[in-house]
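Heads up, the thing below is written out as structure tokens.
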Amino acid sequence: MTDSKTFVLEAMRRQGKAIAMTVQTASATMTGTELNAEAEYIPEFLKAREKQNMITRKAGMTDGFVCRSSAGRVVRLIQNYDSSVYTDEPELLPAQWGFVWSDDPAHAKPFIALATSPYQKGNCCTEDGSTFRSLMDHNVYSPSAYPAGWEKL
């Protein structure tokens, strides 16, 4: 017979896994803000890569596999690749990954310049301890490099 602590922990794991599967399925219709709000249910890149090669996962601009980089950024697989050969984090493989930015300042991550995943109007980032919101679409400039493109929050 299973003790009550083990029973409760197993039930919680099953519930978390079910929620994670629901988020993965619904990710195609979720905004970046919604995905970032559910980040705790999105798998970590390193664990996901260990479990299954990115060459066999679903890829797509809007419906590809979603995970979190070690830096905590939510990313979507947009192009399959052999992750046993190219083992780097998504930040170093921007042609394979689309970054999913949030409009919620509470989920803002440090700015990174990626021509393949520019910030859109309303997306938030942090830089030098401050939080900023993009004032324009296709913004690849940091708040310090192009202050006119950002609102300090």
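The values are calculated or read from the model by the stated rules, or taken from the named source; none is laboratory data. Every value quoted in this text rests on a predicted model; they were computed, and no experiment measured them. Don't worry about glycine lacking a Cβ; one is built from the backbone with ideal geometry, like all the others, and counts go over all protein chains shown.
Points worth noting:
- Residue satisfying condition, being modelled with pLDDT of 95 or more, out of contact with any strand residue (DSSP E or B) (no Cβ under 9 Å at 6 or more places or on another chain) and surrounded by fewer than 13 Cβ atoms within 10 Å (Cβ to Cβ), within set 128, 137: 128
- Region 58-87 - residue that is in contact with a Ser or Thr (Cβ under 9 Å, 6 or more places away or on another chain) and assigned to a loop (DSSP other than H, G, I, E, B) and, of those, modelled with the lowest pLDDT: 62
- In this entry, residue 55 passes the filter for residues that are modelled with pLDDT of 95 or more, among the aliphatic types (A, V, I, L, M) and more than 13 Å from the chain's Cα centre (by Cα).
- Inter-residue pairs, beta-carbon under 6 Å, first assigned by TED's automatic domain parsing to the domain that holds residue 47 and in region 8-28, second in a helix (DSSP H, G or I), 6+ apart: 19/41; 20/41; 23/41
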